[in-house]
Structures are given as structure tokens and as C-alpha cells.
Amino acid sequence: MSQQRVIEELQRLGMSGYEAKAYVALVAAGAPLNGYEVAKRSGVPRSTVYETLGKLVGRGAAYEVRLGDAGVGYISLPPMSLLDRMRREFDQSISTLRESLPEVASPTQVRLIHNLTDRSSLITRAEDVVSAARRDLFLSGWPAELEPLKPLARRAESDGVDVSTVVFGDDPDPVGHTTQHRFSSPKVALENLGCRLLVVVADREQAVIGGVINDDAWGVYTDDPAVVLVAVEYVRHDIAMHLIVEKFAAEDFETFWKSDPALLRLRADHGAPATLLRRGAGAPPPAPGRRRGNDTSR
């Protein structure tokens, strides 16, 4: 990792740009430096270098040492000690805010819904929802989208959250009570939906619903009770259908699924979910193609 990347990450953890540059210069030196040397090596202006070093000393990231006749020098707190200290301070702040913020929060006046316009924002917002779960968590999606959510889902499960997952395709490392979608193959499900649909619902209070095609993605986050209810029931319905099917002969169900006129009508409009999600997120419509309304494949 480059020094610039280290400086950027230290800034993300609360240091100013000058503080981060000065600290990295001290770490790289491995020996005490006076203010002139720190300014020379770090690029911090000489007019502000002592103020910057004083702030580092104040936060415990550096220490003053005597350099004999040369005056005062500065040496860094070892990197791992600094990171451990930052982690302790961060955890303490989170613990305090977890208790205090709800006390100052006002009751929700409006329901929130906002668009997610790329895969990164979709997965990050889904991680937020998974992290918020305290009672139950419903997940439905393809392994590629579920995989980054698993560490948080496992943590939730270890904390007593009831996790229910529907996965399209093979998942050798399932999380929670997992149901592998067997009505349609992943390929056919993708054709029917027009995208890899991801649904994440926490405590029946908030949800992320999104679609992914290759690296392109779009969707919404919402805490609207009506939308959240539909999302929960979508996942619960898939699980319930699989539980029911397991009570019948596989051959009989296979024939019913492929030939029943009512089911074929429901599956006739291929790609509609993806089109609606794109439209809701403000994404451009897909290129026009041949309508497959008479396709009766699974």
C-alpha cells in the first residue's frame, strides 16, 4: 500500500491531512525527528508543522523526546498500538452513541425510499439492512450478491437473529435456514426476472430490493411498511412453496409446473421485474428485444 493510501485511510479515521502526513513521516523515519525534518519529509508547511505535531501528541499518536543540544524531537506511537487505540476509541464511541442517539431522535414523520443506482451502493445498503436486524432477517438472491452479506448475516445469527435465505443456484456455504430455489434453474429464473433479483429485509421494518445484470445494478431502499411487507412475503412465499412441494412426488409437480395454463400465464411476461426496477431507479430502459410472451420454458 502506498504512503498516499495510508494517509487517506488515516484521514478516514479522523486525522487531518497534515496530521496524517506528519505521522507517516515519523513512522517512516523510525527515529526521532525535529519539526524541520518532519516538514521536509512530509510536505507539511513549516509554519504549521509544530501545531500539527502538537495535535499528534495530544491524541497520543506521537511523543516528544529530548534530542540533547538539538532540542525537542518527535517519535511516533508504533502503528499497531495506534490502530488498537483507535479501535478502542471507536468502539467506545459507537457504544455511547448506540445508547444516546435514540434518546434524541424524534419519531419518524415520513417514510423513506431512495434509489440505488450501482452495484456498490446496492450491496452497501443491503449490508446496512443486515446489520440492523435484531429479530429476523430475510434474504433472497444469487450467490454473487449474497456472498458479501454473509459475514454480517452470520454475526446476526450468532446474536440470535432468525435468518431465512432463498438462494438461486448452488451455495456450498449457506447461511441461516437456507432454501435452494428449485422451481426454475438459475438460468431460467434470470430470463424470467430479467435480472438477478436481490431482496433483503430486516425485522420487517426496512428492506433493500434490487436487480443486478453483470456489474450493472439498480434498486431501492425503503422503510415503507407496505413495501417491506411485500418483500417479506415474497421470500416467505418461496420458502413455503418449496416446503409444500417436498410433500409431493417430484414427477407430478414437474408436470404441473411445466404444463398448468394458469402458471404459464403468470410466467409469460419475461423480464418485467427488471424493467420495473430500472424504471423506479431512473435507469435507462433496456434495448428493445423480442417479446417472449409465449415462452413456456421453466
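Checked against the criterion of being closer than 30 Å to Ala226 by Cβ, modelled with pLDDT under 95 and either in the same structural domain as Arg204 (by TED's automatic domain parsing) or surrounded by fewer than 19 Cβ atoms within 10 Å (Cβ to Cβ) (or both), the candidates Pro78, Pro102 yield just one match: Pro102. Comparison of Gly68, Gly73 shows that the only residue that is within 29 Å of Val49 (Cβ to Cβ), among the small types (Gly, Ala, Ser), surrounded by 10 or more Cβ atoms within 10 Å (Cβ to Cβ) and in the same structural domain as Val27 (by TED's automatic domain parsing) is Gly73.
For every residue, the table says whether it meets (1) over 14 Å from Ser121 (Cα atoms); (2) modelled with pLDDT of 90 or more; (3) in a loop (DSSP other than H, G, I, E, B); (4) not small (Gly, Ala, Ser).
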| position | (1), (2), (3), (4) |
| --- | --- |
| Val201 | yes, yes, no, yes |
| Val208 | no, yes, no, yes |
| Gly219 | no, yes, no, no |
| Val228 | yes, yes, no, yes |
| Ala231 | yes, yes, no, no |
| Tyr234 | yes, yes, no, yes |
| Asp238 | yes, no, no, yes |
| Met241 | yes, no, no, yes |
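Screening Ala62 with (1) farther than 22 Å from Asp84 by Cβ; (2) surrounded by 13 or more Cβ atoms within 10 Å (Cβ to Cβ) gives one miss only, at (1). Could you run through the stretch 26-71 and say how many residues are touching a helix residue (DSSP H, G or I) at 6+ places or on another chain (Cβ under 8 Å) and not charged (D, E, K, R)? So the answer is 24. Out of all the residues in the stretch 247-267, is one or more in contact with a Leu (Cβ under 8 Å, 6 or more places away or on another chain) and either at positive phi or modelled with pLDDT under 90 (or both)? Within the stretch 247-267, one or more residues are in contact with a Leu (Cβ under 8 Å, 6 or more places away or on another chain) and either at positive phi or modelled with pLDDT under 90 (or both). Kindly check whether there is at least one residue in the stretch 152-161 that is over 20 Å from the mean Cα position of the chain (by Cα) and assigned by TED's automatic domain parsing to the domain that holds Val230. Among the residues of the stretch 152-161, at least one is over 20 Å from the mean Cα position of the chain (by Cα) and assigned by TED's automatic domain parsing to the domain that holds Val230, which makes the answer yes.
For every residue, the table says whether it meets (1) without any contact (Cβ under 8 Å) to a residue 12 or more places away in the chain; (2) assigned to a helix (DSSP H, G or I); (3) of a type in the set (A, V, I, L, M, F, W, C); (4) touching a Ser or Thr at 6+ places or on another chain (Cβ under 9 Å).
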residue	(1), (2), (3), (4)
Val6	no, yes, yes, no
Gly14	no, no, no, no
Glu19	no, yes, no, yes
Tyr23	no, yes, no, yes
Leu53	no, yes, yes, no
Tyr63	no, no, no, yes
Leu82	no, yes, yes, yes
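Residues of the stretch 30-59 that are among the hydrophobic types (A, V, I, L, M, F, W, C), closer than 15 Å to Ile75 by Cβ, buried (at least 17 other Cβ atoms within 10 Å of the Cβ) and under 38 Å from the mean Cα position of the chain (by Cα): Leu53, Leu56. Of everything in the stretch 228-247, what is out of contact with any strand residue (DSSP E or B) (no Cβ under 6 Å at 6 or more places or on another chain), among the β-branched types (Val, Ile, Thr) and over 16 Å from Ala207 (Cα atoms)? Give them in sequence order. Passing the criteria: Ile244, Val245. For the stretch 157-194, residues that are in contact (Cβ under 8 Å) with a residue 60 or more places away in the chain and part of a helix (DSSP H, G or I) total 4. What's the total number of residues in the stretch 130-151 that are aromatic (Phe, Trp, Tyr) and buried (at least 24 other Cβ atoms within 10 Å of the Cβ)? Number of matching residues: 1.
None of Ser120, Ser106, Ser95, Ser100 is hydroxyl-bearing (Ser, Thr, Tyr) and under 22 Å from Val200 (Cβ atoms) except Ser120.
Every condition in (1) under 30 Å from Arg111 (Cβ atoms); (2) β-branched (Val, Ile, Thr); (3) surrounded by fewer than 20 Cβ atoms within 10 Å (Cβ to Cβ) is met by Val208 except one, and the failing one is (3).
The values are calculated or read from the model by the stated rules, or taken from the named source; none is laboratory data. Keep in mind the model is a prediction, meaning the values are calculated, not measured. Here Cβ is always computed from backbone atoms with ideal geometry, including for glycine, and neighbour counts include all displayed protein chains.
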